[in-house]
Amino acid sequence: MYFIRRNTPITYIFLSFFFVFFSSSSAFNITEVLNKYPEFSIFNDYLTRTQVSRQINEHPVVTILAINNAAMSSLVGKSMDLINKVMRIHVFLDYYTLSKLKSLPSSQPSQVTTLLESPDQQRYLNITNVGTLSIVSGAGSEKVGVLRDIYPDDIDKTSIVEVSNVIMPSSLLTTSPSSPSPSPPSSVPSPPSSVPSSSTFNITKILFDYPDFATFNTYLTDTQVCDQINAGSSVTVLAVNNAAMSSLVGKSADIKKKVLSLHVITGYYTLNKFRSLPNSQTTQLNTMLEASFQSVGFQGLLHVTNGDTVLFPLPVLKKHS
């Protein structure tokens, strides 16, 4: 658990777990596969937001080039249109595992066709197998390395391979619109177009300096919970790291907003103040969920036990299990 103290009545307790309102069960798909790999939670979330995940699931033969959370930071603040195109570039319509890529001829680059629909070289990737494996866009980009197999499935001919960075064609940056495209359906909120630049207090700007909480920060913006935090006179934010945020991938905007609101306590608490609470009984705390959604009742309350452990109230778990 990590703690940042600032000269403001807003504190952050960084948590490695997540409160959820749901239990998940669904048919096999790319989202469910990547849910097992929290280091790719941001990549997985962007596949869902852009609805590229649906196209992946519909193709009988496909290879996905996955990027870990740290490398995905290069897409922060980019337009929805650009993100959509970039995600499609990382999917090509053939089956390649790491061993198959290594067996490609070294005499010349091998070209593969991606999911991006484009009349020019943007839709192609060139794979070079000279000493080490590398991939560049057919339209020109920095080389990215091929790191490892994540999910090779020889039966269904679906492969997920990790690459070292985002493949970003230089021509794509010049042709993509500078502002975000219209938002997708409400169940798939778009990422923030930029980090707000001016405010007396701005939770988005503060968390922007901590990439381990990039997904949490993005969801605060998507759900507009960040606006409520910034307007609050005294709140405590329970922040969740990228790995744990995988619990929310693919969930509706309504669920995300309620879960994020539950992570904002309407009162000022530091780690020391939590530890100073009486250990003879649980302390009940109000959250922004309780304040914003009048019908939720006990769902909007948190119980703090032993001063530094936050427990989910049982009525919520029973109702939503």
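Only the coordinates and a few stated rules stand behind these numbers; no lab work does. Computed from a predicted structure; not experimentally measured. Because the Cβ atoms are built from the backbone with ideal geometry, glycine has one as well, and the counts that use them run over all protein chains shown.
Which FRET efficiency value, to the nearest 0.05, do you get for S252 and K273 by plugging their Cβ-Cβ distance into 1/(1 + (r/R0)^6) with R0 = 25 Å?
0.15
Subtracting the Cα-Cα distance from 0.36 nm times the residue separation, let me have the gained length for Q51 to E117 in nm, one decimal.
Contour length minus the Cα-Cα distance gives 22.3 nm.
What number do you get for region 37-163 when its Cα radius of gyration is normalised by 2.2 N^0.38 Å, N = residues?
Compactness ratio reported: 1.00.
Where the centroid of each part is defined by its Cα atoms, how far is region 30-78 from region 258-290 in Å?
So the separation of the two Cα centres works out to 34 Å.
State, as an integer percentage, the relative contact order of region 52-175 based on alpha-carbon contacts under 8 Å between residues 6 or more apart.
29 percent
Given the Cα-Cα distance of N286 and Q108 and 0.36 nm per residue of separation, how much length would full extension add, in nm?
Stretched out fully, the N286 to Q108 stretch lengthens by 57.8 nm.
So, by mean Cβ neighbours within 10 angstrom, what's the order for 223-231, 235-243 with the highest one leading?
Listed from highest to lowest mean packing, they are 235-243, 223-231.
Taking the alpha-carbon distance from K251 and a cut-off under 24 Å, which lysines remain once sequence neighbours fewer than 8 residues away in the same chain are dropped?
Of all the lysines, those that pass the test against K251 - Cα under 24 Å, at least 8 places apart if same chain - are K36, K78, K85, K318, K319.
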